[in-house]
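The values are calculated or read from the model by the stated rules, or taken from the named source; none is laboratory data. All values reported here derive from a predicted model rather than from experimental measurement. Because the Cβ atoms are built from the backbone with ideal geometry, glycine has one as well, and the counts that use them run over all protein chains shown.
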Amino acid sequence: MLVRSSVKARSPASLARLTLASPRRVANTTVPPLASAAIAPSLLHLNNPSARSFSLSSCNRKPFAMAPAADPASYPQPPVLPPSWSSFTPELVASSVDQALADSTAFLDQLVAIPPADRTFESVVRPLALQSAEADRKIEPALFLQYVHADKAMRDASVDADKKVNDWGLEALTRKDVYEALLDAQKHTQDNAVQLNDEEKRLLDRLVLERKRNGLGLDDDKRKQYLDLKKRITAVEIDFQKACNEENGFLLFTKEELDGVPDEVRSGYPQIEEDGVKKYKVTHKTPDIIPIFKSAHLPATRKRANLSYEAKTLQNVPLMRELAALRHEAAQLLGYENHAAWVLEPKMAKTPREVEAFLEDLEEKLRPLGLAEREKLLELKREEHEKRGLGKDETFWLWDYRYLDRLFVEKTLDLDDDVLKQYFPVTHVVTEVLNVYKELLGVELVPVPRTKEAAGETWHPDADMYAVWETGRAGHEGAFVGFLHLDLFPREGKYSHAAVWGLIPGWTPPNEGRQYPVVCMVANLAKPTEGKEPTMKHNDVVTFFHEMGHAYHGLLSKTQFARFHGTAVARDFVEAPSQMLENWTWTPSVLKRISSHVDRKGEVLPDALIDKLVASRNVNQGLFNLRQLFFAKYDMQLHTDKYALSEDEMSKLWCNLREETSLVTIGDEVVGGQSGFAHIAGAFFAHYYGYLWSQVFSADMYESVFAQDPMSPDAGQRYRKEILEVGGARDEMDSLVAFLGRKPTNDAFLKHLLGGANSAMSCVLSSAVSGVLSLGERATKMRVICRSHHLAAGLPPADALVRPIARSTGKMANAGQLEARAALAEAIPKLASSFPPAPSLTGRTHFVHSSAHGATHWTFEAPEGETVRDYERLEHVGDALLGAEVTLMVHEAYPRLVVGIRSLVKSALVENEALALLSAAYGLPEQISATLAQTHSLRNNASVRACVFEAFLAAIYEEHGWATLSAFLRGVFAPLLPIAVEAMRVVYQQSQPQLDVGALPITLNPIGALNEWAQHGVKRSIHWGDSDGYGPPHCRTWSIKLVVKAGDDLYRQEGFGETLKKAKTTCMVSFCLASFDHCG
């Protein structure tokens, strides 16, 4: 299944970022707390056609390295050398950082000594940017070693150096004299109309703004207080991340306790003897722990593993509390309401309220789907417990989710991860993924020889280094791109997730050559065992493809200043490019290209498996994304109004919010899982929403440019030019417009979200019983979606059974409509606060009454050039769109309702009374424009309010498209639909008493079942009425009526179908489900 998350982990400090007072460079990583890992062997050619043949048997290097041995004689020498990793010692880490900081201090002292009249862009701003980049080049490699080096002394030295850099950087960015020098340069630029290019203007503006945001608008005492707070914050962040990196806890399990875990995984666990019993040692690293979450049959084993993972770094609980409080205090000192407000100001989202509205709207759409998925997984759990002789358990535990999710995919799609991964041997996958990038982006990798001359020795034998060149031009002038490192295997003390570090940025100084970037991808892929060529699960393939997207973002950026290089973009946009690239791993043509059976070389993934794999992308998407929402909500709450909670309260918030949002529980236990949430303890605080936010852009980018031909070289170069090369040198929205040719919309995102939900629901609602009998199950599940809305609002739950409603008389119809109208009138005001937020609109025509402009009423059509000036024509369009969507919702949720009742339900939902209330719920009447004399009366007229609501819907359609309007309408009417139906049901069931008979077996032959029932009772009879066929010959629909007599009572039902037989069967099934309580 897709690794559908993409988050940030803390990375080494960037001196340039600190000096320039910009956000710290961070690693780009997939995986919130848990992502599965792959297994990786040595690679062969890695896109280098000149690389010599290589095999494990002929290699003198460790078998876990990825690169082929490079031939120094044929190695094309790049114009620069990479960092000299082999020269680092703990002492050199400390001394090199100390020297770089001393040099930087001296530079700043010289900068502020420039007389105010001589302070210009060229004398102050450009030198500051260039010197900071040079300092970065010297410092960041030393700081990176804390994440990857095997020697603890080296890691400790790197951590200590990181703290020094943070402290120095905080002092530098709060130096008032540097700030004044920048202000003088800015004033000179403005007063003298100095011509700067767009990137230079952006740099100057950012330098000034970011210093204001970091306390330089404060008086001396407050600025010192702020500096002290920031020093403590960064020290706590480093300690928190260090605890996560160096966590080395483990559990011991017997072979019996690991029942279900694949043998190849279990055989990789070290064995330890405890009390005379051999047990397996399982660490909290993802290659060890994930298989237990997903495969261990015993709930007790999964529980131990999950809770141990949650509690693996409990020593961080007080640090998280301290961080939240310190960040809030610092933000308020700067004049911001809370830390999130400070963080979001320069981001695309801008405000916490915007983020909260986005998350609320998304949860509103996902929660019904998640509830339906949870119910299906609980059904599977009942079957599993019965099969394995386990006790009855109706709770959806945290340790059930991954296990049942895997079982569900295997059962419904017949898709076994262990079978699927045989088609993804790492050697082939990595080679072909890099070939895909080579073809798409026009770059290739050349292994760097591990010689002193080439500086190819890395920090560990498992880590490899590559020189990156324009395809086919290795060794040519102007063709070198930069250096890429791959460090893909777990070891003690190493960063434990998947991430990409932009170690050294690229930049282009004036009158000098290009300064080249250095990037590293870190992962934790399981090592091969017993000499067998390892394979990857598909989600690991997705992760690798995603991470390489970040790597190439860091390599192919070509900005003027290091400040804007690569992934130095708005935090809520940075994931969009790599999220877009994940689509390639779900494309059949690419899947065939990157697959090859591990034992049957050359056998690609069969079409049948590809179809199942692609279908699995949307399975249980609701639950997965609700889990992502939980992380985002916890992050946002901690940095808005929950900053002052105690340690225990923060842990309870973690558990309660998870249960409320992601629909899983750990019962009454409270485990502070936030203690391992390194993403928000580091540079990702108040940013976690960005993964879901950026999906809006990634979906639009792929759908608009690549969907028709994912391997189009022209599209790849367009992507490289408009997204990758510009980095953060221009506003992210401008880059999107340049790439798309228009402003981005959320149409593709909603299409994927809702279309994916429909696909997932089709899987959730699949049944072994085909034909009309599957309608009962489908309708029941669709009702779960509807019920969740008004249950959450505290309204009485509707009847759980979906009963068909018999054709009505006029009297009953009137009574039913009156009941529905009254129920809706009561419910809409109560539900108003839970309705989705309205999409923003730029126009206001939908609020304008014709009296406001003295409208002329034309006989047939308006003259050419006459524009729409009031809501009348929009109302007409909105009425049609509303009717169509509500009709579809009724059909999907209540497929057995007869046509007459469907019309009544739709009428109740879209008539003026209901729409007027909805109009008021969205505050539309107060915005109606009319003549002064009529304004008051029109704003209070129910009919006008309803018309404005319909015009409002048309305006949404015109500005945002059908997908946005459809999502909005479903969010509004999903909780109202069951209210209207159940109100009518009461009327109809009161007029038609229930049969009081024995059990009626519902089988695949309901007609025979009813005939048998009639023959074994007194005063029982069935009578078929007239049948009729209507519609064109090629698409004919049949109807038939049924009358059943039981004692003195008569029961009537009507059925429809494409043949007379199907009409009869539909009629019988509907009758049985309506008339017998036990058959619901």
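The listed residues are E256, E210, E247, E237, and the only one of them that is assigned to a loop (DSSP other than H, G, I, E, B) and either under 20 Å from D167 (Cα atoms) or within 32 Å of the chain's Cα centre (by Cα) (or both) turns out to be E247. Meeting the requirement of 2 or more residues that are in the same structural domain as L953 (by TED's automatic domain parsing), under 22 Å from S850 (Cβ atoms) and in contact with an Asp or Glu (Cβ under 8 Å, 6 or more places away or on another chain), no helices (runs of 4 or more DSSP H) wholly within segment 883-943 can be named.
Only one of these is over 26 Å from K411 (Cα atoms), not in a helix (DSSP H, G or I) and not charged (D, E, K, R): P318, P346. Name it. From the options P318, P346, the qualifying one is P346.
Could you say which residue among A644, A608 is hydrophobic (A, V, I, L, M, F, W, C), surrounded by fewer than 24 Cβ atoms within 10 Å (Cβ to Cβ) and closer than 30 Å to T427 by Cβ?
Numbers: A644 fails: closer than 30 Å to T427 by Cβ.
Answer to the check: A608.
Determine whether segment 257-276 contains at least one residue that is among the β-branched types (V, I, T) and out of contact with any helix residue (DSSP H, G or I) (no Cβ under 9 Å at 6 or more places or on another chain). Yes, there is a match, as at least one residue in segment 257-276 is among the β-branched types (V, I, T) and out of contact with any helix residue (DSSP H, G or I) (no Cβ under 9 Å at 6 or more places or on another chain). Report every pair of residues separated by at least 6 positions or lying on different chains whose Cβ atoms are under 7 Å apart, first residue within segment 666-687 and within 9 Å of W654 (Cβ to Cβ) and of a type in the set (A, V, I, L, M), second part of a loop (DSSP other than H, G, I, E, B) and modelled with pLDDT of 85 or more. Pairs that qualify, where the first residue is within 9 Å of W654 (Cβ to Cβ) and of a type in the set (A, V, I, L, M) and the partner is part of a loop (DSSP other than H, G, I, E, B) and modelled with pLDDT of 85 or more, are V671/A311. Any chance segment 556-563 includes a residue that's modelled with pLDDT of 95 or more, among the small types (G, A, S), under 19 Å from E444 (Cα atoms) and surrounded by 24 or more Cβ atoms within 10 Å (Cβ to Cβ)? Checking segment 556-563: at least one residue is modelled with pLDDT of 95 or more, among the small types (G, A, S), under 19 Å from E444 (Cα atoms) and surrounded by 24 or more Cβ atoms within 10 Å (Cβ to Cβ). Which one is farthest from I1022 (Cα to Cα), of the residues in segment 1048-1078 that are modelled with pLDDT of 70 or more and either among the acidic types (D, E) or in a loop (DSSP other than H, G, I, E, B) (or both)? Top of the filtered list is T1059. Of the residues in segment 251-302, how many are more than 26 Å from L390 (Cα to Cα) and aliphatic (A, V, I, L, M)? Final tally of qualifying residues: 1. Being in contact with a helix residue (DSSP H, G or I) (Cβ under 7 Å, 6 or more places away or on another chain), surrounded by 14 or more Cβ atoms within 10 Å (Cβ to Cβ), among the acidic types (D, E) and over 25 Å from N524 (Cβ atoms) is a condition met by at least one residue of segment 184-196.
Which of the following residues is among the aliphatic types (A, V, I, L, M), at negative phi, under 33 Å from the mean Cα position of the chain (by Cα) and crowded, with 22+ Cβ neighbours inside 10 Å: V972, V948, V905, V981?
Values: V948 fails: under 33 Å from the mean Cα position of the chain (by Cα); V905 fails: under 33 Å from the mean Cα position of the chain (by Cα); V981 fails: under 33 Å from the mean Cα position of the chain (by Cα).
The match here is V972.
Looking across segment 379-404, the residues that are touching an Asp or Glu at 6+ places or on another chain (Cβ under 9 Å) and under 26 Å from H752 (Cα atoms) come down to Y403, L404.
Out of A129, A133, report the one residue that is outside any loop (DSSP other than H, G, I, E, B) and under 30 Å from A153 (Cβ atoms). I'd like the intermediate steps shown before the answer.
Details: A129 fails: under 30 Å from A153 (Cβ atoms).
When all the criteria are applied, what remains is A133.
With respect to the conditions (1) touching a Leu at 6+ places or on another chain (Cβ under 8 Å); (2) surrounded by fewer than 24 Cβ atoms within 10 Å (Cβ to Cβ), Q628 lacks only one, and its number is (2). Applying a threshold of 6 Å to beta carbon distances and a minimum spacing of six or more residues, or different chains, the list of pairs starting in segment 481-500 at a residue that is more than 19 Å from K152 (Cα to Cα) and in a loop (DSSP other than H, G, I, E, B) and ending at one that is at pLDDT 90 or above and among the β-branched types (V, I, T) reads A498/T543.
In this structure, is A474 over 30 Å from A129 (Cβ atoms) and either assigned to a loop (DSSP other than H, G, I, E, B) or touching a residue at least 40 places away in the same chain (Cβ under 8 Å) (or both)? Criteria met by A474.
Looking at A757, A715, A699, A707, which one is at pLDDT 95 or above and either among the β-branched types (V, I, T) or not assigned by TED's automatic domain parsing to the domain that holds K438 (or both)?
Working: A757 fails: at pLDDT 95 or above; A699 fails: at pLDDT 95 or above; A707 fails: at pLDDT 95 or above.
So the residue among A757, A715, A699, A707 that is at pLDDT 95 or above and either among the β-branched types (V, I, T) or not assigned by TED's automatic domain parsing to the domain that holds K438 (or both) is A715.
Taken together, the residues in segment 567-622 that are under 29 Å from I504 (Cα atoms), part of a loop (DSSP other than H, G, I, E, B) and touching a Pro at 6+ places or on another chain (Cβ under 8 Å) amount to 3.
A quick yes/no check of all residues on (1) farther than 25 Å from L613 by Cα; (2) of a type outside the set (D, E); (3) assigned to a helix (DSSP H, G or I); (4) in contact with a helix residue (DSSP H, G or I) (Cβ under 9 Å, 6 or more places away or on another chain):
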| position | (1), (2), (3), (4) |
| --- | --- |
| L420 | no, yes, yes, yes |
| L440 | no, yes, yes, yes |
| V446 | yes, yes, no, no |
| P449 | yes, yes, no, no |
| K452 | yes, yes, no, yes |
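A single member of A311, A300, A296, A305 is closer than 29 Å to V236 by Cα and out of contact with any Ser or Thr (no Cβ under 8 Å at 6 or more places or on another chain), and it is A305. Filtered by the rule that a residue be part of a loop (DSSP other than H, G, I, E, B) and touching a Gly at 6+ places or on another chain (Cβ under 9 Å), segment 538-566 gives S557, K558, T559, H565, G566.
Which one is modelled with the lowest pLDDT among residues in segment 677-696 that are of a type outside the set (A, V, I, L, M, F, W, C) and surrounded by 24 or more Cβ atoms within 10 Å (Cβ to Cβ)?
If we filter segment 677-696 for residues that are of a type outside the set (A, V, I, L, M, F, W, C), which is where we start, we get 679, 682, 687-691, 694-695.
Checking which are surrounded by 24 or more Cβ atoms within 10 Å (Cβ to Cβ) leaves us with 679, 687-691, 694-695.
On the way: H679: 79, H687: 82, Y688: 88, Y689: 89, G690: 87, Y691: 83, S694: 88, Q695: 87.
By that ranking, first place goes to H679.
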